[in-house]
1. Please give the contour-minus-distance gain from Ser180 to Phe149: 0.36 nm per residue of separation, less the Cα-Cα distance, rounded to one decimal in nm.
2. In deg cm²/dmol and to the nearest 500, what is the mean residue ellipticity at 222 nm of the chain if only DSSP H runs of at least 4 residues count, each as -39500 (n - 2.57), divided by the residue total?
3. Mind checking the log10 I(q)/I(0) for the stretch 153-204 at q = 0.26 Å⁻¹? Debye, one equal scatterer per Cα, no solvent, two decimals.
4. Remind me, relative contact order of the stretch 165-298 in percent, using alpha carbon pairs under 8 angstrom and six or more residues apart?
5. Test of understanding: what is the full-extension gain from Leu128 to Val212, defined as 0.36 nm times their sequence separation minus their Cα-Cα distance?
6. Quick one: what does P(r) look like for the chain with 10 Å bins over all Cα pairs, in whole %?
7. Could you state the accessible area per residue of the chain in Å², with a 1.4 Å probe and every protein chain left in place?
8. Got a number for carbon plus sulfur as a percent of the chain's accessible area, 1.4 Å probe?
Amino acid sequence: MSMTHHAEPAVTTPPAPGRKESDGRTEQRPLALRLLARPEVGVFLGAVAVYVFFLITAPPVRDGSSMANILYQSSTIGIMALPVALLMIGGEFDLSAGVAVITSALTASMLSYQLTMNVWVGVVVALLVSLGIGFLNGWMVVKTGLPSFLITLGTFLILQGVNLAVTKLVTTNVATDDISDMDGFGQAKKVFASSFDVGGVQVKITIVYWLVFAAIATWILLRTRYGNWVFAVGGNKESARAVGVPVTFTKISLFMLVGFGAWFVGMHQLFTFNTVQSGEGVGQELIYISAAVIGGCLLTGGAGSAIGPVFGAFMFGMVQQGIVYAGWNPDWFKAFLGVMLLGAVLINLWVQRTATRR
């Protein structure tokens, strides 16, 4: 006679209520740390601090017209800082960006005046020249494999010499002739250098362009395939190429975007002042790069945003005009910017380490 034994069901004690164990990989980090991980948060806080500082130390800043002037100065930096930031996210630099602005303005001015053409002809030709410079920079970087620092340093020196030499050769002067009485000037000025009234305060059109370009750049980076390509080639171009990213097209197009920005700012300068000094633009490339770095773009590429450089440019404009409104010696401007740059880099480093620490 066989006997059958039935196994009794195992009795398990339910886990005591309390915090669930986690290996640290799936546990969601606190909101504060997730916000700190965003590259633009640090520069936003810095921009607020600079604004409050000058709001206290420079009473004229509180006036609406003063703020409009600050935003205008910020916009002329910010419009160029945006494509420079995209290029840096893509892992490259452009040291010729500052003098390229003047090259564009000189081309439009001299071509229109010397050939007595409608100024729009000069504007279009200047656009082609600026895009061509960007294309050449990108093509040489991709085809030679040399660092973009060296390639664009050479372009910087070439453009600086050509700007001065050609202007002297054509106009027998270091500045171009006044084009304010030429056909099409009024229309071009409305597009590139007009103002409009807001509550009795004159606001420059470049502020609107700056914010619109920033919104477009943000959408491109976050919502398009091209934005993914930019981050990919900046992170590791060989890995990006292996998964089908068109590295050559992406790199060259980023340099051409910088050329477009140089053209736009150059046209603004031309139709604001009616003439162009051929020796200007030197050193502005460092301002654009600094605004991008302060905005959270890494020097190694592959990380950054388009919003961060907006706040970075605002900080520069705030300091540039705030020093004047405070009645301080403007010779301290560059020193102040240097302190801002070093401070922003250190803060960004601390923020990244804090945000990634478990």
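The values are calculated or read from the model by the stated rules, or taken from the named source; none is laboratory data. Not measured: the values here are computed from a predicted model. Quick reminder, even Gly has a Cβ in these numbers, built from the backbone with ideal geometry, and neighbours come from all protein chains shown. The protein model used for the area step is the full one, side chains on, heavy atoms only, and it has no ligands, DNA or RNA in it. Shrake-Rupley method; radii C 1.70, N 1.55, O 1.52, S 1.80 Å.
1. On the way: separation 31, 0.36 × 31 = 11.16 nm, distance 3.76 nm.
Working it through step by step, the gained length comes to 7.4 nm.
2. Working: 14 runs with 244 residues, N = 358.
The helix-only estimate for the chain comes to -23000 deg cm²/dmol at 222 nm.
3. Taking Cα atoms of the stretch 153-204 as identical point scatterers yields -0.92.
4. Numbers: 84 pairs, mean separation 41.0, N = 134.
Rounded, it is 31 percent for the stretch 165-298.
5. Details: separation 84, 0.36 × 84 = 30.24 nm, distance 2.26 nm.
Length difference between fully extended and current span is 28.0 nm.
6. In whole percents, the pair-distance histogram is 5, 21, 28, 23, 10, 4, 3, 2, 2, 1, 1, 0, 0.
7. It amounts to 52 Å² per residue over the chain.
8. Details: 12240 of 18650 Å².
The nonpolar share, carbon plus sulfur, comes to 66 percent.
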